[in-house]
Amino acid sequence: SQTIHQWPATLVQPVGSPLSLECTVEGTSNPNLYWYRQAAGRGLQLLFYSVGIGQISSEVPQNLSASRPQDRQFILSSKKLLLSDSGFYLCAWAGGYNEQFFGPGTRLTVL
Amino acid sequence: GQQLNQSPQSMFIQEGEDVSMNCTSSSIFNTWLWYKQDPGEGPVLLIALYKAGELTSNGRLTAQFGITRKDSFLNISASIPSDVGIYFCAGQARGSGNTGKLIFGQGTTLQVKP
């Protein structure tokens, strides 16, 4: 069966510090991968998606970047965090039927 | 960009009552999905719909893919306290290709009073 992992689960970072969130998927190959941000427990905003290794599409201009160094690994990064980057970050994967399956999320607080 | 209108925004009901929520779109969708999110966790897929008119059940949950392909509803029968959470509809619009991108509704927050 397929599983998706995200770490860390929670993170508190100062403004201006770098960020790296990691997402890995097990039990499937060549998945589509997605990063979402959720503010205040409502509404999922798609940040990036990837249909293959090294292929990244950005949905909204922002202070973040994404990379896919391996087939089942998706990384969300920032060089300098802003207060507005605080939120709940969710990674998801999709197979052949367009159903997306979400990871447990990372709660990021920027102070 | 494309948006889904999900309603109601919130519901506060008595345990045992039935619940209904729906989503509408201005464009045609190929897929409709319904998710539930518990506090502090990722959304969990409840039901997936792929054909216009399709009616699918998962326990006490029933969802339908609208005939016009622009709407979907989710019903929960005989609600229980563990039904509490945020319910999201999501759809894949025609023309999204191999991206698998979904458009999400804004969610319906459900509270159940024992």
Starting from residues that are touching a residue at least 40 places away in the same chain (Cβ under 8 Å) and hydroxyl-bearing (Ser, Thr, Tyr), keep the ones in the range A:20-76 and report whichever is farthest from residue B:97 (Cα to Cα).
-> A:20
Does the range B:36-53 contain any residue that is under 26 Å from residue A:40 (Cα atoms), away from chain A (no Cβ under 14 Å), in contact with a Leu (Cβ under 8 Å, 6 or more places away or on another chain) and outside any strand (DSSP E or B)?
-> no
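Would you be able to say whether some residue in the range A:80-92 is hydrophobic (A, V, I, L, M, F, W, C), in a loop (DSSP other than H, G, I, E, B) and either exposed (fewer than 15 other Cβ atoms within 10 Å of the Cβ) or more than 13 Å from chain B (Cβ to nearest Cβ) (or both)? Full working, then the answer.
Kept after step one, since they are hydrophobic (A, V, I, L, M, F, W, C), are these residues of the range A:80-92: A:81-83, A:88, A:90-92.
Keeping just the survivors that are in a loop (DSSP other than H, G, I, E, B) gives A:81-82.
Restricting the remaining residues to those that are either exposed (fewer than 15 other Cβ atoms within 10 Å of the Cβ) or more than 13 Å from chain B (Cβ to nearest Cβ) (or both) gives A:81-82.
Yes, the range A:80-92 contains a residue that is hydrophobic (A, V, I, L, M, F, W, C), in a loop (DSSP other than H, G, I, E, B) and either exposed (fewer than 15 other Cβ atoms within 10 Å of the Cβ) or more than 13 Å from chain B (Cβ to nearest Cβ) (or both).
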Of the residues in the range B:22-35, how many are more than 14 Å from every other protein chain (Cβ to nearest Cβ) and not small (Gly, Ala, Ser)?
-> 3
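Residue-wise test of (1) under 23 Å from residue A:35 (Cβ atoms); (2) free of Cβ contacts under 8 Å to residues at least 12 places away in the same chain; (3) out of contact with any Lys or Arg (no Cβ under 8 Å at 6 or more places or on another chain).
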| position | (1), (2), (3) |
| --- | --- |
| B:7 | no, no, yes |
| B:19 | no, no, yes |
| B:22 | no, no, yes |
| B:28 | no, no, no |
| B:32 | yes, no, yes |
| B:37 | yes, no, yes |
| B:49 | no, no, yes |
| B:52 | no, no, no |
| B:57 | no, yes, yes |
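Conditions tested, residue by residue: (1) closer than 26 Å to residue B:38 by Cα; (2) aromatic (Phe, Trp, Tyr); (3) at pLDDT 95 or above.
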{"residue": "A:58", "(1), (2), (3)": "no, no, no"}
{"residue": "A:62", "(1), (2), (3)": "no, no, no"}
{"residue": "A:70", "(1), (2), (3)": "no, no, yes"}
{"residue": "A:74", "(1), (2), (3)": "yes, yes, yes"}
{"residue": "A:84", "(1), (2), (3)": "yes, no, no"}
{"residue": "A:99", "(1), (2), (3)": "yes, no, no"}
{"residue": "A:106", "(1), (2), (3)": "yes, no, yes"}
Does any residue of the range A:60-70 turn out to be under 20 Å from residue B:88 (Cβ atoms), in a strand (DSSP E or B) and either of a type in the set (A, V, I, L, M) or in contact with a helix residue (DSSP H, G or I) (Cβ under 8 Å, 6 or more places away or on another chain) (or both)?
-> no
Identify, please: which residue in the range B:55-114 is among the hydrophobic types (A, V, I, L, M, F, W, C) and in contact with a helix residue (DSSP H, G or I) (Cβ under 8 Å, 6 or more places away or on another chain) and is, among those, nearest to the other protein chains (Cβ to nearest Cβ)?
-> B:110
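Whether any residue in the range B:70-81 is among the charged types (D, E, K, R) and either surrounded by 20 or more Cβ atoms within 10 Å (Cβ to Cβ) or within 12 Å of the chain's Cα centre (by Cα) (or both) is what I want to check.
yes
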Can you find a residue in the range A:17-28 that is modelled with pLDDT of 95 or more, out of contact with any Lys or Arg (no Cβ under 9 Å at 6 or more places or on another chain), within 17 Å of residue A:109 (Cα to Cα) and part of a loop (DSSP other than H, G, I, E, B)?
-> no
Just give me the residues in the range B:45-61 being surrounded by fewer than 18 Cβ atoms within 10 Å (Cβ to Cβ) and under 11 Å from the mean Cα position of the chain (by Cα), in sequence order.
-> B:45
So residue B:42 clears everything in (1) loosely packed, with under 15 Cβ neighbours inside 10 Å; (2) among the small types (Gly, Ala, Ser); (3) at pLDDT 95 or above; (4) touching a strand residue (DSSP E or B) at 6+ places or on another chain (Cβ under 9 Å) except one condition, right? Which one?
-> (1)
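The values are calculated or read from the model by the stated rules, or taken from the named source; none is laboratory data. Keep in mind that what you see is a predicted model, and the values were worked out from it rather than measured. Don't worry about glycine lacking a Cβ; one is built from the backbone with ideal geometry, like all the others, and counts go over all protein chains shown.
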